[in-house]
Amino acid sequence: MNKLKAVFILGLLFVSIFTEAEVLRWPQACDTGQLEIKNLQNTDLRVWLQKFRSSFVSESEINIKPLGLMKINLKTTSPDERYSILNLNAPGLVEVQLICSKKIYPAHHFEGGILTYRKSDLAEAQMWVENLYSGTNQFTFEFLNRKFETIRTVNVTLKPMAKYIYKAPVRMTAWAYLRVSASQRYAGFNLNSAGAEGPFLINPQASKTDVKAAYFVVAPNQVGGDSYIVKITNSDMILRAREQVAHPNLEQIVFAKVQKGASGFNRNWSKREKSFWSWSVSEVTNFADIGSTSCNGIPQSLEDRVDSWVKQPGQICFWSYRIKEELTADEVASGMKIQ
């Protein structure tokens, strides 16, 4: 076994201990700035600084003392380079911001959905967006009046992993809010005179689903953590999945083939915005008690390496994840639980 493969497998064994990944991003408004990472808890905190270009490049471990503040001089060396902080502890334990020329750019963890922002104090409103998908991504910018009525819509297509500042037309003055959505995962920040701010309204984005299929949430054994959704059309496999829901004590691992793209159904059902993952299950192949290390991990570990993972190993068997509940096609399509 080569060294790189050994490190990767050890990494999967490590992340399988954790089930929730809070990824914090910020608008990279300058090539060189100071990244501040604050530990909000009374115990030591370990996070990772992730580096991406066209795909995942590296992770650097950062250890912060109780209630401590870590300052890092951050420099981007190419236009396609981007960074994020990966927090595998409980969400809300770390605060991150980038400081550029006395302006402050706070990080947030929203990764899609429909995000609505207030009109900023800039003479020319500017929205900083980042395509988090390793393929093209179509963005929709909707200008709303104070009654939340759409007065203009603009569509912009971004290249894989591209960053972009959308500038609102100066001649437009009758709008009060800007609503942003995209066909794939993204991050968005409203630039202002102080730096930037996040959305004030967060809603799930609708999609189309197959009403003849069955859908199930797969989530960690314990309460909390990221989740994903599987679509099953095979009648025998649907019965086996429903058996897992009816008898949680079965404790069986879900084995499935994976493909790139959310396919309209694979959401992180645990998140407020019910964001789509960049991958989905193409076929559930089995339920079993034991799985290989090669297909173990968590949803975020697949997300960060989606282009390579769908080729090798091409499947998932997350050890700490189980079928938890069944959803209707309408619930999956709307991103909302229907009572």
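None of the figures in this text is laboratory data; all of them are computed from the coordinates on show. As the structure is a prediction and not an experimental result, all values here were calculated from the model. Neighbour counts are summed over all protein chains in view; Cβ atoms, including those assigned to glycine, are modelled from backbone coordinates with ideal geometry.
Overview of results
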| item | result |
| --- | --- |
| Paired Rg and Dmax values of the range 15-111, which use every Cα atom, in angstrom | 13.0, 40 |
| Aspartates and glutamates with Cα under 15 Å of K324, excluding same-chain neighbours fewer than 8 positions away | D226, E243, E251 |
| Most fluctuating residue given options M127, M70, M161, as computed from a GNM of the chain linking Cα atoms under 10 Å | M70 |
| Debye log10 I(q)/I(0) at q = 0.17, 0.33 Å⁻¹ for the range 186-232, Cα point scatterers | -0.80, -1.17 |
| Helix-derived mean residue ellipticity, 222 nm - over the chain, DSSP H n ≥ 4, -39500 (n - 2.57), to 500 | -3500 deg cm²/dmol |
| Of A333, F265, S84, farthest towards positive along the dipole that unit charges on Lys, Arg, Asp, Glu beta carbons give the chain | S84 |
| Electrostatic dipole magnitude of the chain [Cβ: Lys, Arg +1; Asp, Glu -1; Cα centre; debye, to 20] | 800 debye |
| Radius of gyration and maximum dimension Dmax of the range 114-203, Cα, Å | 12.4, 36 |
| Acute angle (nearest 10 degrees) that the helix 3-15 long axis makes with the longest principal axis of the chain, alpha-carbon atoms | 90 degrees |
| Rounded if a/c under 1.5, otherwise prolate or oblate - the range 202-260, Cα gyration tensor axes | oblate |
| Dipole of the range 129-189, positive direction: furthest Cα of Y164, G188, I151, with charges on the beta-carbon | I151 |
| Average silhouette area of the chain, convex hull of alpha-carbon atoms, in square nanometres | 18.5 nm² |
| Residue pairs, from the table K75/K147; K51/K257; K147/K231; K38/K119; K51/K212, whose Cα atoms sit over 32 Å apart | K75/K147; K147/K231; K51/K212 |
| Chain lengthening between E61 and A123 when straightened (0.36 nm per residue, less Cα-Cα) | 18.3 nm |
| Nearest-ten-degree value, helix 235-246 long axis tilted from longest Cα axis of the chain | 80 degrees |
